[in-house]
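Heads up, the thing below is written out as structure tokens.
The values are calculated or read from the model by the stated rules, or taken from the named source; none is laboratory data. Keep in mind the model is a prediction, meaning the values are calculated, not measured. A quick note on method: Cβ atoms are made from the backbone with ideal geometry, for glycine too, and the neighbour counts reach across all protein chains shown.
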Amino acid sequence: LLARLEGRSSLKEIEPHLFADEDSPVHGEILEFHGPEGTGKTEMLYHLTARCILPKSEGGLGGEVLFIDTDYHFDILRLVTVLEHRLSESSEEAIKHCLGRFFLVYCSSSTQLLLTLYSLETMFCSHPSLCLLILDSLSAFYWIDRVNGGESVNLQESTLKKCSQLLEKLVNEYRLALFATTQSIMQKTSNSAEGPSCAFNRQSDVDVDYRPYLCKAWQQVVKHRIFFSKQDDSKTSNQFSLVS
């Protein structure tokens, strides 16, 4: 088992434009993409997924990705489009070869997510090339869990707490990196201009605007947090663009 796990692909070069060398995700780390709806979090996940499942000969990492979709918003055609634009020859066979390294799971409740995570251990053991776990999004069941938990905060957060602890255990034991998205639902009002342009900031730059609402167990396991927001200032220096 140890020999198989040691064979997992390195994630150091997964996205040089997003991660500086010292901040590159490594096995056993949990990274959170946080921001309002429509700021490019899921779009970034498509590009990270494509980078990971592309063969090394095409500039990819040749690894496998497990994508857990809790919002039921995953667009396979969008992922295929990203792959087509990155492949030197985007044949149907080449696309199928890449998608053969991609696994998609849907979850419709926090309880189902917890049970799914327990059931995936066998897969992690049998797929030594699986190096990236994606969860979009971890905050999908926040309001439902609050209602189901009644007046008790402990009951409201119970399942997510277990999910957070299990995710930490899985990424450490099976040497995975986890990217998880969360939606900002408690934020200051702003006059952001509508549009697809986005900016990302390190946590130290936007602490005043960040209001954590998920359970403490999740806050403690996150290694890096990247903030996505709609661009409201054309002079913003920290920008990224996705070309496909």
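A compact table of results
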{"read-out": "Filtered residues of segment 53-89 (kept if hydroxyl-bearing (Ser, Thr, Tyr) and touching a Phe, Trp or Tyr at 6+ places or on another chain (Cβ under 8 Å))", "value": "70, 72"}
{"read-out": "Leading residue by the ranking (surrounded by the fewest Cβ atoms within 10 Å (Cβ to Cβ)) among those in segment 130-143 that are outside any helix (DSSP H, G or I) and of a type in the set (Ser, Thr, Tyr)", "value": "139"}
{"read-out": "Of all residues making up segment 73-102, the number that are within 17 Å of the chain's Cα centre (by Cα) and either surrounded by 18 or more Cβ atoms within 10 Å (Cβ to Cβ) or in contact (Cβ under 8 Å) with a residue 40 or more places away in the chain (or both)", "value": "6"}
{"read-out": "Residue list for segment 145-159, restricted to those being assigned to a helix (DSSP H, G or I) and loosely packed, with under 14 Cβ neighbours inside 10 Å", "value": "147, 153, 154, 155"}
{"read-out": "Tally, over segment 60-79, of residues that are touching a Ser or Thr at 6+ places or on another chain (Cβ under 9 Å) and over 18 Å from residue 41 (Cβ atoms)", "value": "4"}
{"read-out": "Residue within segment 81-99 that is under 28 Å from residue 183 (Cα atoms) and not in a helix (DSSP H, G or I) present", "value": "no"}
{"read-out": "Tabulated pairs, segment 156-168, first under 16 Å from residue 213 (Cβ atoms) and modelled with pLDDT under 95, second part of a helix (DSSP H, G or I) and of a type in the set (Val, Ile, Thr), C-beta under 9 angstrom, 6+ apart or interchain", "value": "156/147"}
{"read-out": "Residues of segment 35-67 satisfying the condition of being crowded, with 20+ Cβ neighbours inside 10 Å, in contact with a strand residue (DSSP E or B) (Cβ under 7 Å, 6 or more places away or on another chain) and assigned to a loop (DSSP other than H, G, I, E, B)", "value": "39, 40, 63"}
{"read-out": "Residues of segment 107-129 classified as crowded, with 20+ Cβ neighbours inside 10 Å, touching a Phe, Trp or Tyr at 6+ places or on another chain (Cβ under 7 Å) and modelled with pLDDT of 95 or more, total", "value": "1"}
{"read-out": "Sole exception among (1) surrounded by fewer than 18 Cβ atoms within 10 Å (Cβ to Cβ); (2) β-branched (Val, Ile, Thr); (3) modelled with pLDDT of 95 or more for residue 70, by number", "value": "(1)"}
{"read-out": "Qualifying residue in segment 34-41 (condition: modelled with pLDDT of 90 or more, basic (Lys, Arg) and within 30 Å of residue 211 (Cβ to Cβ))", "value": "yes"}
{"read-out": "Qualifying positions in segment 122-146 - under 16 Å from residue 173 (Cβ atoms) and either among the aliphatic types (A, V, I, L, M) or without any contact (Cβ under 8 Å) to a residue 12 or more places away in the chain (or both)", "value": "122, 123, 126, 130, 132, 133"}
